[in-house]
Amino acid sequence: MNITFRWYGQGNDTVRLEQVKQVPGVKGIVWALHQKPVGEVWEEKEIMTEVDYIKSFGFHAEVVESVNVHESIKLGNDERDYYIENYKETIQNLSKFGVKVICYNFMPVFDWTRTDLFHPLPDGSTALYFEKSKIDSIDPEELIHTVSSNTELTLPGWEPEKMGRIKELLAAYKDMTEEKLWENLAYFLKKILPIAESSGIKMAIHPDDPPWSIFGLPRIITGRDSLKRLLAISDSPANGITYCTGSLGAHRENDMAAMAAEFARHSPFAHIRNVKIFENGDFIETSHLTSDGSINIKGVVQKLSDNQYEGYVRPDHGRHIWGEKCRPGYGLYDRALGIMYLHGLWDAFQSEK
Ligand code: DNO
């Protein structure tokens, strides 16, 4: 288990790498060029600046989250080949600086979606919340307004330029079906995987969050069957998964511990966090502790340990605790607690062997 910590870059994160350095056992920083408009090539010089800065703290910079996929590729329109060529160039450029894993997702228009970024928990902290009935009834533009007026920082995956043309994008997806989206994903992977493989990079698809259709848009990476289907697209070692327990685990049918055993060797990267699911399908993000939520985090780490998992792991969204002002879900304190829980479980399971 190679523990990492997601960080948004200088001037774009409330957390500093000097602080992350004091969290025990963190080996690497998960990074991205967050200011880059989606679809543009990541140039060597800008990659080098970021990687050098991360390395100056003694961290590795082997995992990028995310190189986002342009909507044209997901839509499969005339411009997709242009954006696929750019993506290939970005993969090659990243490989020159030691990057080993690229996390990406294939969610149409919206990345991770929540209805409240600072929902109170009984312990006095706040956390990200998903209210099912609200999503079913809200106009997406209203949601964007609520979310963006709640935070001074943009959310990853909610690129501002995309948010400004929501109506147009939703119209473009009008006739999109799950099957068509699968075809477009397969088309993309068949083009990029050979380059990734020869560059020593693993592509790791992030599941859809939440793992079901929202706003009438199809979502296809939602559970065991879809992960199997994804892997069946290509047996290239570069075709992998970001095993995100909180995203998949928001759906009760996904048994995250059992699936960890099944998919560990195809997951070069894992996001480990807990969510508490309510009777009506709403969910809230809790601490990482197994008994705080609905996901068997202990079982997940046990299965990873059984499989001698050597992939990259990061704690995922944390609560906002001790008055910390931070990016929603991405403060220092609760993620540091999460890391210590993961270390504790891992060490205990390893010593049982
Ligand atoms: C949210 C994240 C996602 C994730 C992307 C991966 O906090 O888990 O935005 O980074 O979906 O492409």
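Okay, here's what the table says:
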quantity: Residues that are surrounded by fewer than 18 Cβ atoms within 10 Å (Cβ to Cβ) and within 14 Å of the ligand (Cβ to nearest atom), drawn from region 239-263; calculated: none
quantity: Residues of region 301-320 classified as away from the ligand (no atom under 16 Å from the Cβ) and either open to solvent by less than 10 Å² (accessible area, probe 1.4 Å) or not in a loop (DSSP other than H, G, I, E, B) (or both), total; calculated: 6
quantity: Any hit, region 116-128, residues being at pLDDT 95 or above, within 11 Å of the ligand (Cβ to nearest atom), of a type in the set (V, I, T) and outside any helix (DSSP H, G or I); calculated: no
quantity: Hits in region 199-238 (condition: part of a loop (DSSP other than H, G, I, E, B), over 24 Å from S137 (Cβ atoms) and open to solvent by 10 Å² or more (accessible area, probe 1.4 Å)); calculated: S199, G200, S234, D235, S236, P237
quantity: Condition check for R327: closer than 19 Å to V23 by Cα, in contact with a helix residue (DSSP H, G or I) (Cβ under 8 Å, 6 or more places away or on another chain), of a type in the set (K, R) and within 16 Å of the ligand (Cβ to nearest atom); calculated: no
quantity: L217 vs. criteria farther than 28 Å from G331 by Cβ and touching a strand residue (DSSP E or B) at 6+ places or on another chain (Cβ under 9 Å); calculated: no
quantity: Any hit, region 66-87, residues being touching a strand residue (DSSP E or B) at 6+ places or on another chain (Cβ under 8 Å), modelled with pLDDT of 95 or more and within 15 Å of W7 (Cα to Cα); calculated: yes
quantity: Extreme residue, farthest from A336 (Cα to Cα), among residues of region 17-40 that are touching a residue at least 24 places away in the same chain (Cβ under 8 Å) and charged (D, E, K, R); calculated: E40
quantity: Candidate set: region 290-300, residues that are open to solvent by 20 Å² or more (accessible area, probe 1.4 Å) and in a helix (DSSP H, G or I); chosen: the one nearest to L231 (Cα to Cα); calculated: K298
quantity: Counted residues, region 264-289 - those being surrounded by 18 or more Cβ atoms within 10 Å (Cβ to Cβ), out of contact with any strand residue (DSSP E or B) (no Cβ under 6 Å at 6 or more places or on another chain) and in a helix (DSSP H, G or I); calculated: 1
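The values are calculated or read from the model by the stated rules, or taken from the named source; none is laboratory data. It should be emphasised that the depicted structure is a prediction, and the values quoted were computed from it without experimental measurement. As a convention, Cβ positions derive from the backbone with ideal geometry for all residues, glycine included, and neighbour counts pool all protein chains shown. These accessible areas exclude ligands, DNA and RNA; they are computed on the full protein's heavy atoms, side chains included. Shrake-Rupley method; radii C 1.70, N 1.55, O 1.52, S 1.80 Å.
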